[in-house]
Amino acid sequence: MNVSLDLDSANRKSSQPGSQSPSGCDLDCKEELFANLADHSQLRILQTLCEGAKTEAQIATATSLSQRDVSFHLERLLSCGCVKTENAGHSVLYGLSAPWLLQLEGIVDEMLIAALKGHRAPLI
């Protein structure tokens, strides 16, 4: 499901009170995104793509995953809108779809470092 293209179905699903956020994305949509971000192999792929766009073969080499597994995980990352493709001659390059993924990586790193140091973030 591509979040940006599936807002109408997200609105149809959200008949339950409180399931729709102000952004227009329902909990199912968010759950799919977080499930993809929680997958170890997909995180390895995203971390590799933080360095720049790569082909499937380059991603397989960088992550030590089989090309079959990389292909499977890239399809999932494409479907949730984390990754985009670009044709480059006879190759297809995969890259991060949005700069917020780089920002998210930095935020998660800060959260983990703070947790390891025993600091708690203030309540918002």
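The values are calculated or read from the model by the stated rules, or taken from the named source; none is laboratory data. What you see is a predicted model; the values in this text were computed from it and never measured. For neighbour counting, all protein chains shown are included, and Cβ atoms are generated from backbone atoms with ideal geometry for every residue, glycine included. Areas reflect the complete protein model, heavy atoms only, side chains present, ligands, DNA and RNA absent. Shrake-Rupley method; radii C 1.70, N 1.55, O 1.52, S 1.80 Å.
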Among the residues of region 45-75, count how many are part of a helix (DSSP H, G or I), modelled with pLDDT under 95 and either open to solvent by 30 Å² or more (accessible area, probe 1.4 Å) or among the aromatic types (Phe, Trp, Tyr) (or both).
1
Qualifying residues in region 76-124 (those that are acidic (Asp, Glu) and assigned to a helix (DSSP H, G or I)) - the one modelled with the lowest pLDDT
105
Check whether at least one residue in region 32-44 is farther than 17 Å from residue 97 by Cα, hydrophobic (A, V, I, L, M, F, W, C), assigned to a helix (DSSP H, G or I) and open to solvent by 70 Å² or more (accessible area, probe 1.4 Å), and report yes or no.
yes
Could you list all residues from region 79-103 that are touching a residue at least 40 places away in the same chain (Cβ under 8 Å) and within 28 Å of residue 28 (Cβ to Cβ)?
79, 80, 81, 82, 94, 95, 96, 101, 102
